[in-house]
Amino acid sequence: MNLDFSQIVPYIPFMLEGIWATLEFVIVSILIGLVLGTLLALCKITKAPLLKGLADVYTSIFRGTPLILQLMIIYFAVPQLTGYDIPAFLSAILAFGLNSAAYVSEIIRAGIMAVDKGQTEAAEALGVPYRPMMFNIILPQAIKNILPALMNEFITLTKESAIVSTIGYLDLMRRAQIVGADIYRNFEPLLVAGAIYWIMIFVLTKVGQAVERRMRQSD
């Protein structure tokens, strides 16, 4: 096997910088996905047909098309229509945030529907307004039930973040490609990048499990 990791040693700091570059837009995307996904979930369970229909159409579009296509449309096609270039970082958080919101909305909707209807009926009987009831009673219980699914979505988002290298964003994958092109060897930098991704996912998984245990103990 023709392997020589010594050549990529000088590039290790450059590749490690890609960890923060990756996590930076992934964290922002997750926050967008959570906020927008929660709003979409509430729209899906509302009695207003228009809001429910719009939320269902949104989810259908973003779940029914590839994430890389959405990224390409935002980065390449939208500037063609508007005449303004969208930076790679902004394109990444928009594509990933909007895409994640579609999946998160379904997860949260399922969690809300799983909460005992007696909770809602009791709150209504006590005269609790809809908004406080939803945010103070229903959603906290739903989050406990759907936390594993949410963590799985965030882990998937972190793994899929590698596709932003296609628009030139200097994430971990893109930096591995640059190193490979510079030293004319691709296996070593890609293997190192794979190991770093695995470590990030491993840490995220452990954090998720710790949070889940903590929430169960608080019941």
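The values are calculated or read from the model by the stated rules, or taken from the named source; none is laboratory data. This structure is a prediction, so every number in the text was calculated from the model and none was measured. Cβ atoms come from the backbone with ideal geometry, glycine included; neighbour counts cover every protein chain shown.
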Selection within the stretch 1-42 - of a type in the set (A, V, I, L, M, F, W, C), within 19 Å of Arg175 (Cβ to Cβ) and in contact (Cβ under 8 Å) with a residue 24 or more places away in the chain: Phe5, Ile8, Ile12, Phe14, Met15, Leu16, Ile19, Ala21, Leu23, Phe25, Val26
Determine which single condition Thr166 fails, assuming it passes every other condition in (1) hydroxyl-bearing (Ser, Thr, Tyr); (2) surrounded by fewer than 18 Cβ atoms within 10 Å (Cβ to Cβ); (3) outside any helix (DSSP H, G or I). (3)
Test result for Ala149, farther than 17 Å from Gly18 by Cβ, assigned to a helix (DSSP H, G or I), out of contact with any strand residue (DSSP E or B) (no Cβ under 7 Å at 6 or more places or on another chain) and not charged (D, E, K, R): yes
For residues that are of a type in the set (Val, Ile, Thr) and under 14 Å from Asp4 (Cβ atoms), scanning just the stretch 164-193, find the one that is modelled with the lowest pLDDT. Ile183
From the option list Gly97, Gly127, single residue qualifying as surrounded by fewer than 13 Cβ atoms within 10 Å (Cβ to Cβ) and either on the phi > 0 side of the Ramachandran plot or assigned to a helix (DSSP H, G or I) (or both) is Gly127
Criterion first (without any contact (Cβ under 8 Å) to a residue 24 or more places away in the chain and within 30 Å of Trp198 (Cα to Cα)) does Pro129 satisfy it? no
Is it true that some residue in the stretch 13-20 is among the aliphatic types (A, V, I, L, M), in contact with a Gly (Cβ under 6 Å, 6 or more places away or on another chain) and under 30 Å from Tyr197 (Cα atoms)? no
Name every residue in the stretch 126-162 that is over 25 Å from the mean Cα position of the chain (by Cα) and of a type in the set (D, E, K, R), in order of residue number. Arg131
How about the stretch 151-200: which of its residues are touching a residue at least 40 places away in the same chain (Cβ under 8 Å) and either of a type in the set (Ser, Thr, Tyr) or farther than 27 Å from Leu94 by Cβ (or both)? Thr158, Ser161, Thr166, Tyr169, Val179, Asp182, Ile183, Arg185, Phe187, Glu188, Pro189, Val192
Long-range neighbours under 8 Å by Cβ, at least six apart or interchain, first residue part of a loop (DSSP other than H, G, I, E, B) within the stretch 72-94, second aliphatic (A, V, I, L, M): Ile86/Ile74; Ile86/Val78; Ile86/Leu94
Before we move on, is Ile138 β-branched (Val, Ile, Thr) and not in a loop (DSSP other than H, G, I, E, B)? yes
Scanning the stretch 44-60 for residues that are free of Cβ contacts under 8 Å to residues at least 40 places away in the same chain and surrounded by 13 or more Cβ atoms within 10 Å (Cβ to Cβ) gives Thr46, Leu51, Lys52, Leu54, Asp56
